[in-house]
Each structure stands twice: as C-alpha cells, then as structure tokens.
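The next block holds one structure in the form of structure tokens; read it before the comments.
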Amino acid sequence: MGLGAATLSFAQKVTTVLPEGYDPDRNKIIPDKVFEIGLPLLVLFVLANSVVNIFRIRAENKLKEKAFDKQLSESALVALFSEDKSLTRYGYLKWFLVLAALGLSFIFLYILDQVAGIRSGYLALGIITVSLSIAFLIYYNIIKNK
C-alpha cells in the first residue's frame with residue numbers, strides 16, 4: 001500500500017499558469033527560421049567537407065606512393081613529405097579570436113537586453129556575425145604580415 005500511494009501521488013496532473021498575454025515566440029534570441037534553414041545547411045557543409053578531405057588525403061597518399069616508385073632524391077622526398085608547420089601554430093590564435101568574439105558579442109547582447117530592453121533575434125545574429133567577421137579579419141591581417 002505504501003508504494004502504491006507514493007506512485008499515485010506523483011501521477012497527478014500538473015497545470016502551469018502562464019501570465020496573460022504570454023507569447024513564447026516573442027522574446028526569442030535566435031528565431032526558429034535560423035534553425036530551419038541553418039541546420040540543413042550545416043549538415044550539407046559537414047558532409048561536403050568530409051568528402052573533400054577524404055579525396056584530398058587519398059590524392060596526397062597516391063602522390064607520395066608515386067614519388068617512392070620513381071625513386072626521387074632524398075631532398076625531393078623530404079620537401080614532399082614535410083608539412084608546412086608555419087600556419088599550424090596560428091590555429092590556436094584563430095580559435096582564441098573566434099571564441100573571444102563570440103564571448104564579447106554575447107556580453108554585448110546581454111547588456112543590450114538589460115539596459116535598453118532590445119531583444120531582437122535578427123539583431124543578435126547580426127552582432128554575432130559582425131564580431132566573428134572582425135575576428136577573422138584580425139586573424140587574416142596577422143597571417144598576412146607573417
């Protein structure tokens with residue numbers, strides 16, 4: 001009887017009372033259309049990027065096999081097999097700039113919401129896009145100067 005009473009007490013219907021005039025779609029930071037359009041495009045991008053990377057890796061391996069078959073000189077093999085490590089050290093800088101831009105844009109959106117009361121999803125996407133563009137522009141200028 002004790003277990004049955006405990007189970008029945010949790011099976012009661014719970015009703016939530018929402019304030020009058022409440023609209024769940026009114027104050028969204030990111031509109032639903034972004035997910036309806038953006039997620040399929042993201043999936044297509046990931047698939048296309050995967051296919052391109054697989055073909056690139058296979059082409060590089062075939063090139064290396066042909067170089068071994070032709071018995072190239074040692075200096076040519078070293079030049080062919082050595083990877084360009086000059087730009088790999090800047091990968092961390094790129095991700096730092098991207099994450100810093102995202103963080104600053106989220107802080108700016110929070111301040112904009114709290115101080116001015118502006119909660120537009122499209123404005124938020126615009127601010128995030130502009131801040132990421134600035135981060136990539138800074139990264140490009142750093143890479144170009146090195």
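The values are calculated or read from the model by the stated rules, or taken from the named source; none is laboratory data. Note that the structure is a prediction, hence the values are computed from the model and not measured. Backbone-built Cβ (ideal geometry, glycine too); neighbour counts: all protein chains shown.
Yes/no per residue for (1) assigned by TED's automatic domain parsing to the domain that holds Y139; (2) farther than 21 Å from S133 by Cα; (3) more than 25 Å from the chain's Cα centre (by Cα):
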| residue | (1), (2), (3) |
| --- | --- |
| R58 | no, yes, yes |
| K62 | no, yes, yes |
| Y90 | yes, no, no |
| G103 | yes, no, no |
| V115 | yes, yes, yes |
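Pairs linking a residue in the stretch 97-124 that is without any contact (Cβ under 8 Å) to a residue 60 or more places away in the chain to a residue that is part of a loop (DSSP other than H, G, I, E, B), with Cβ atoms under 9 Å and 6 or more positions apart or on different chains, are L112/I118; L112/R119; D113/I29; D113/R119; S120/I29. Among the residues making up the stretch 68-94, those that are within 17 Å of I143 (Cβ to Cβ), in a helix (DSSP H, G or I) and either of a type in the set (S, T, Y) or at pLDDT 80 or above (or both) are T88, Y90, G91, Y92, L93, K94.
When restricted to residues that are within 19 Å of W95 (Cβ to Cβ), exposed (fewer than 11 other Cβ atoms within 10 Å of the Cβ) and not β-branched (V, I, T), the stretch 107-144 contains 2.
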